[in-house]
Amino acid sequence: LCRGGLAERLCRLQNRERSAISFWRHQCISDDKTPSDKSGVLIVKILEIFEECTIQVAICQQLEQSPVTLSPEDAVINAQKPILKVLFARETAAHLKSRPQDVIHIYPPWQKLLLRNADAPVIMNTYFSQKVLLSEHSEAREKTYGLTKMLIRKNIISLAQTFRLDDLDDKLHQEPSDNQVPCAPQIHNNSDSKQHPLALSAVNDSLLDMVESQGAVGWREVQVQVVIQRVYCLPAREGCRSHTQGNKPLLSNGGMFCRLCLLVQDAYGMFSEVQLQPLSSTDDIEQYCRRWEGKSCCLAGMKILQRTTRGRALGLFSLIDSLWPPVVPLKVPGQSQDSEMMTTNLPPPSFCYILTVQSGEIHVEVDEEEQISNLYQPPAVHGLKEILRIDACNERCSFWAQVLYRRLQTKHNVPIDQRDILLFVTDSTLQNVVHGIPKVVAVSVTASCVLSMEIREALGAGSQLVFFKDALWGNGRIICVERTVLLLQKPLLCLAAGADLSKLTGPVRLDELDSTTQANSICALRGTVVGVNESTAFSWPTCDRCGNGKLELCPQDRELLYCNQCSEAVTTPVLKMQLEVFLSCPSRSQSTVKVKVWHEINLALFVLLTMLLFLQTYEVQSVLGKEVGLLNCYVHSVTSHPNCVALEEIVLL
Amino acid sequence: MDGSTLPAVAEELLREIKKAFQESSHGTDTFSSRLKFIFGPSAVPALDLVDQRSVTRVVAPSGRTLYQVLGSSGKLYTCYSSCHFCTCPAFGFSVLQKSESLLCKHILAVYLSQAMGACQELSVSEEQLTNILLTEEEDEG
């Protein structure tokens, strides 16, 4: 149960009530007389009983009321012996074993409810009820009745009877329709903010105050000033499709749309994640990051989406932990600013509110002209060497690295932009080391990490320097998940503690294949050809314009090849060849090394072999013993029995 | 006396809760104990679902709505808005079969979320709404 939530409060109340009820009943039984306190006691005579869903409904006549609770209206009604509908809970009913004509004393705290259609008033919370035995004769009757079960009519409630919580009065207070298109947050300068249509009250500085005032009168006008610590995109649920931004296609992550989100912090140190509108594919997350991170902003009229805790939102809290402890003293609620503020030894937050905007209104005003707030903690950028040495799990880390090779996950039933991407990156801290640490690190980008179109294209194109903001490090791997942002621009403000943001000088070197090489990594190798897997050899023509490997025969001229992607004949196809060779590599002499090499005839790295294949008249003998120079490869698998390494030749970006 | 009493009582109670929440953001303990009295063992779990904002109101352009509640086990249950129906097994047993309860905790959570303004909103296409309803049918089939 949520601490401090409604459910917990009810639980505690329930426990108190339960012990009070059992104590009261015990007292009645042991004293064998009714308690002397008669004030507020309701005395009723049962006329009719029926049951609805384990609650016993007794139509009763009110007999008399103690003078304390008698009011002028009651005095008049009393004369006519008013009718009441008294409800008894299952347990109370079992205890009472009421029959028509029985007289029941109902002790406080019972409650009265008046229904709209002016029916008889309803009495509930009748836990403290007792049957009154009028005479000795009835006591005997009671005992005999106890043995025979009385049949009580049970009303079956129709499922069609739903509850209407609205009425005419409520419509005045109703919130505006959610069909309105949300406005994109405008980039205000100071003059615009004066013309703001919302009549906003004084600015608050506590998120908790704003959250607690939800639903109260005027809560929409409450403004909170917070600092934007991080800006990122979260994949949203598909339902956002109806919110179209003009006719621009929304930035999609394969069927999931993306919302711009802010992680904000108030002066008391409390965090909140604010989910804003969906982003279109032309929106630049980099722009928002650069212009908004570190600035103060005013939130107004937020709706609480969720109150989440550490256990339920590990990703969010790993980001919050990276921003803890705060770099400036925090305010302490309830104390004036002159008093000493606590900053040391404060435990990191254990809960966080997720807020969202109400549709149709502008709620986030970022003061871009203002300076960066003191509370802002920019991402701490480290060199990859340092990150590999971190001895913790699920730590957020930021670094600047060069992408060498990209590999897409091969699941074909998943759309391309929803597949995981494996990147191999390096920086100068890894390249300049002689031995002991790997030269290249694998970074896994999951589908939940939102990548802009620009980044996706850049990752596939030439060698890129990419800034990875708030990636996760754990279990010896770096992964990019929700809330990680990949940027092409160098961050303006960052704590470059030991980071080396210089470009790489000289060619990139990969680790050489050895006994520690693992699957799904990249390495370089050299060796001698000891065998050829003839069954794997094949070649195929590809289009020289677009690279399409599935060429067909031209319908007009059966001797020409045709590319249906270019819709033209291919006169000079590029021949691609694939072959598996077995090498003996001195760096890993115990294993059989199997390398799938493929070449376009234009790149004659492995010249002799390609020539032989093309001519279809090769002799394996002439290939054996040839030296293979430093080849860059991707390791498919490493097995110990048999001791074999299967690789594929790759080309670095 | 014909006609049922309990639904009218439950409706009035929920209306009062809604009014109280609109005026001040806090419900008093009076409502909690009344909820417990009327709805019995569903009350605390329903309030827990409200605390965790587990209720989503799903709307299609035609105006058709239904509710989806994320149960404590992580399963998503669908509640209809036009009548009292929920896809959870407790509903089938306690409400339909034994007529022991008016509502299951999910439907109660839907009403409480409406009353307290704690419903999440989700707009979907007609097709998506239909799919949600059809999936339920397939599971039961």
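In a fully extended conformation the segment linking A:LEU63 and A:GLN111 would gain 15.5 nm over its present Cα-Cα distance, using 0.36 nm per residue.
The packing ranking of peptides A:324-331, A:524-531, highest mean first, is A:524-531, A:324-331, where packing means the average number of other beta carbon atoms within 10 angstrom of each residue. Partner shielding of B:14-23 amounts to 3, given as the average count of beta-carbon atoms from other chains within 10 Å of each residue beta-carbon.
Working note: 222 nm ellipticity from helices only, DSSP H runs with n ≥ 4, each -39,500 (n - 2.57), summed and divided by the residues of chain B, gives -14500 deg cm²/dmol to the nearest 500. The share of accessible area on chain B that comes from carbon and sulfur is 50 percent, using a 1.4 angstrom probe. Dimensions of the stretch A:391-487 based on its C-alpha atoms, expressed as ranges along the principal axes with the largest first, amount to 41, 31, 23 Å.
Provide a whole-number value for the mean count of partner chain Cβ atoms within 10 Å of the Cβ atoms in peptide B:93-102.
Details: counts 0, 2, 3, 1, 0, 2, 8, 3, 4, 8.
Mean partner shielding for this stretch: 3.
For A:ASP321 and A:GLU368, a Förster radius of 25 Å and the Cβ-Cβ distance give a FRET efficiency of 0.35, rounded to the nearest 0.05.
For the peptide B:43-50, the mean number of other protein chain Cβ atoms found within 10 angstrom of a residue's Cβ is 5. Modelled this way, with points 7 Å down the Cα-to-C-beta line, the labels at A:GLN556 and B:GLU100 are 8.1 nm from one another.
Here the convex hull built on the C-alpha positions of chain B has a volume of 131 cubic angstrom per residue. Excluding ligands, DNA and RNA and using a 1.4 Å probe, chains B and A jointly bury around 5700 Å² of accessible surface, summed across both partners.
Estimated at 0.36 nm per residue, the fully extended path between A:ILE156 and A:ILE437 surpasses their Cα-Cα distance by 93.8 nm.
Suppose all protein chains stay in the model; what accessible area per residue would a 1.4 Å probe give for the stretch B:8-133, in Å²? Numbers along the way, then the final one.
Details: 4700 Å² over 126 residues.
Dividing the accessible area of the stretch B:8-133 by its residue count gives 37 Å².
Using the average count of surrounding beta-carbon atoms within 10 Å as a protection proxy, the listed peptides A:296-302, B:121-127 rank, highest first, as A:296-302, B:121-127. Of the peptides A:436-443, B:10-17, the ranking by mean beta-carbon count within 10 Å, highest at the top, reads B:10-17, A:436-443.
The values are calculated or read from the model by the stated rules, or taken from the named source; none is laboratory data. Model, not experiment: these values are computed from the prediction. Neighbour counts are summed over all protein chains in view; Cβ atoms, including those assigned to glycine, are modelled from backbone coordinates with ideal geometry. These accessible areas exclude ligands, DNA and RNA; they are computed on the full protein's heavy atoms, side chains included. Shrake-Rupley method; radii C 1.70, N 1.55, O 1.52, S 1.80 Å.
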